[in-house]
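To keep things clear, I will list the structure first and then write my remarks on it.
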Protein chains: 2
Amino acid sequence: MGRWQPDARGRMAKAALELYSERGYEQTTVAEIARRAGLTERTFFRHYADKREVLFAGSGELEELFVRAVAEAPESAAPIDALGVGLDAVSELFEDRREYARKRQAVITANAELLERELIKLASLSAALADTLRRRGVAEPAASLAAEAGLAVFKVGFQRWVLVSEERGMAQVMRESLDELKAVTAGA
Amino acid sequence: MGRWQPDARGRMAKAALELYSERGYEQTTVAEIARRAGLTERTFFRHYADKREVLFAGSGELEELFVRAVAEAPESAAPIDALGVGLDAVSELFEDRREYARKRQAVITANAELLERELIKLASLSAALADTLRRRGVAEPAASLAAEAGLAVFKVGFQRWVLVSEERGMAQVMRESLDELKAVTAGA
């Protein structure tokens with residue numbers, strides 16, 4: 001069991017998404033996921049707490065990247081524009097994962113349990129962004145409101161970007177959503 | 001069992017919150033909630049699907065009230081200001097329930113399962129508000145972004161309003177949060 005398994009995490013995440021898409025989330029077992037990835041159940045549980053968590057393998061990376069980009073945005077940037085820098089950074093991460101993101105979103109939308117976990121992850125991301133803004137000297141409630149607004153852009157932009165009819169890149173869709181949010185909150 | 005039980009729903013919600021505050025959510029059984037409310041377990045399950053749901057007894061009323069106020073806002077109101085009318089309406093509903101709201105929030109924050117359910121309810125509220133804005137002729141993605149922004153104000157304002165140190169009324173806290181959101185998205 002101690003053998004080195006190149007990208008075991010990634011292989012299991014890929015296998016899980018394939019199986020969830022083919023047969024449905026409910027109908028898939030951890031044993032089947034491990035088998036498809038050419039690994040053991042024990043290896044699965046070394047990397048993921050449960051069948052849900054395997055679909056959120058990338059959420060730590062997403063949060064880290066988003067937070068770092070906001071933290072490192074030019075000091076002069078207003079909170080909402082620091083979040084814009086973060087949206088640019090995460091767009092780059094997703095740009096070549098569109099097919100994966102589409103499949104994943106379809107699986108998550110179809111299952112209440114998965115949707116719950118997704119909402120928890122997004123709430124954690126929002127809290128981390130608010131914290132990052134406070135470290136940049138933004139007071140409350142401005143920090144929390146800006147973080148929630150940035151997250152709204154991410155959620156709505158993401159839903160748009162995964163549409164089959166949407167051909168533009170994620171960075172462009174996100175920037176447009178951010179502009180749209182600014183317009184709509186300005187009372188346009 | 002067929003006897004008329006005045007406000008059975010409300011009595012059970014009150015009993016549940018008391019017990020969850022005293023002993024913790026995990027440690028409380030449905031039988032205990034029913035007993036404290038002077039009702040039977042069978043009556044409990046006639047009103048609530050489970051131990052979680054009893055804490056969300058008011059979420060339907062909240063959504064209905066919020067949606068109706070937004071739908072009936074002056075036709076000339078911009079989307080964000082129609083949401084402001086909705087926030088005024090729900091503030092009125094909550095104004096005399098501050099102690100209840102404080103206790104409830106403390107119980108929910110302490111339990112991951114309850115937090116999940118809360119997030120699901122808020123996501124449903126956001127979807128209902130976006131739908132209401134679309135019926136007012138607001139296009140996408142503006143409708144979804146405005147709804148998410150309005151919900152951000154509600155969430156952040158609510159957290160502030162339940163603070164023991166916060167003495168101002170909910171309507172005032174909400175209006176201030178909305179103004180703050182407008183300022184922060186304008187790049188202030």
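The figures follow:
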| quantity | calculated |
| --- | --- |
| Hits in the range A:31-52 - residues which are part of a helix (DSSP H, G or I) and either among the hydrophobic types (A, V, I, L, M, F, W, C) or assigned by TED's automatic domain parsing to the domain that holds residue A:102 (or both) | A:31, A:33, A:34, A:44, A:45 |
| Residue A:59 being of a type outside the set (D, E, K, R), under 21 Å from residue A:177 (Cβ atoms) and modelled with pLDDT under 90 | yes |
| Test: residue in the range A:80-100 that is of a type in the set (Val, Ile, Thr), closer than 25 Å to residue A:177 by Cα, out of contact with any Ser or Thr (no Cβ under 8 Å at 6 or more places or on another chain) and part of a helix (DSSP H, G or I) | yes |
| Residues (among the acidic types (Asp, Glu) and part of a loop (DSSP other than H, G, I, E, B)) located in the range A:9-30 | A:26 |
| Residues of the range A:122-153 satisfying the condition of being within 11 Å of another protein chain (Cβ to nearest Cβ) and among the acidic types (Asp, Glu) | A:140, A:148 |
| Condition broken by residue B:164, with the remaining ones in (1) part of a helix (DSSP H, G or I); (2) touching a residue at least 60 places away in the same chain (Cβ under 8 Å); (3) more than 9 Å from chain A (Cβ to nearest Cβ) satisfied | (1) |
| Selection status of residue A:59, facing chain B (nearest Cβ under 10 Å) and in contact with a Ser or Thr (Cβ under 9 Å, 6 or more places away or on another chain) | no |
| Residue selected from the range A:167-188 under the condition more than 7 Å from every other protein chain (Cβ to nearest Cβ) and among the basic types (Lys, Arg), by the criterion surrounded by the fewest Cβ atoms within 10 Å (Cβ to Cβ) | A:168 |
| Residue count for the range A:19-29, restricted to those that are surrounded by 15 or more Cβ atoms within 10 Å (Cβ to Cβ) and free of Cβ contacts under 8 Å to residues at least 24 places away in the same chain | 2 |
| Single residue of the range A:127-140 satisfying the filter (surrounded by fewer than 22 Cβ atoms within 10 Å (Cβ to Cβ) and touching a helix residue (DSSP H, G or I) at 6+ places or on another chain (Cβ under 6 Å)) that is farthest from residue A:63 (Cα to Cα) | A:138 |
| Residue under evaluation residue B:141, criteria (1) touching a residue at least 40 places away in the same chain (Cβ under 8 Å); (2) within 14 Å of residue A:153 (Cβ to Cβ), criterion not met | (1) |
| Single unsatisfied condition, residue A:49 versus (1) touching a residue at least 60 places away in the same chain (Cβ under 8 Å); (2) over 14 Å from the mean Cα position of the chain (by Cα); (3) within 14 Å of another protein chain (Cβ to nearest Cβ) | (1) |
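The values are calculated or read from the model by the stated rules, or taken from the named source; none is laboratory data. What you see is a predicted model; the values in this text were computed from it and never measured. Glycine also receives a Cβ, built like all others from the backbone with ideal geometry; neighbour counts cover every protein chain displayed.
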